[in-house]
Amino acid sequence: QVQLVESGGGLVQPGGSLRLSCAASGSIFSINGMGWYRRAPGKQRELVAGITSSGSTAYADSVKGRFTISRDNAKNTVYLQMNSLKPEDTAVYYCNAAVPGASRIEYTYWGQGTQVTVSS
């Protein structure tokens with residue numbers, strides 16, 4: 001079993017910055033991919049950024065150039081640095097992690113979510 005706990009959300013003005021953290025704990029031998037998703041009011045859940053175990057990254061077009069995903073494998077932690085925040089970034093942000101299991105399968109775990117609000 002794996003638990004993910006996000007932190008770092010809050011209220012920030014447009015143009016400001018926030019840094020989200022997500023720490024994984026439990027019965028972890030290794031973690032494959034990790035990522036951040038968000039759900040804005042009235043919209044579908046959106047993949048924001050992902051990162052592989054080797055450090056390859058991918059971003060949604062809406063955040064490219066403003067957000068940076070990174071990870072610390074020794075701490076089983078993934079980060080999302082969010083700069084130049086816009087009101088449309090307002091959402092609940094969720095961390096997820098893919099953990100390898102037996103027989104070449106993966107299990108996906110989700111955090112509880114953290115609220116990010118961008119408003120004047």
ask   = Of the residues that make up segment 93-107, is at least one within 20 Å of Gln1 (Cα to Cα) and among the basic types (Lys, Arg)?
value = yes
inquiry  = Would you confirm, using the coordinates I've provided, whether Ser25 is over 13 Å from the mean Cα position of the chain (by Cα) and within 18 Å of Thr108 (Cα to Cα)?
reply    = yes
task = From (1) open to solvent by less than 50 Å² (accessible area, probe 1.4 Å); (2) modelled with pLDDT of 95 or more, pick out the condition that doesn't hold for Val5.
result = (1)
query = If you take the residues of segment 8-27 that are modelled with pLDDT of 95 or more and part of a loop (DSSP other than H, G, I, E, B), which of them is most open to solvent (accessible area, probe 1.4 Å)?
reply = Gln13
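The values are calculated or read from the model by the stated rules, or taken from the named source; none is laboratory data. The model shown is predicted, which means the values in this text are computed figures rather than measured ones. Only protein heavy atoms, including side chains, enter the accessible area calculation; ligands, DNA and RNA are left aside. Shrake-Rupley method; radii C 1.70, N 1.55, O 1.52, S 1.80 Å.
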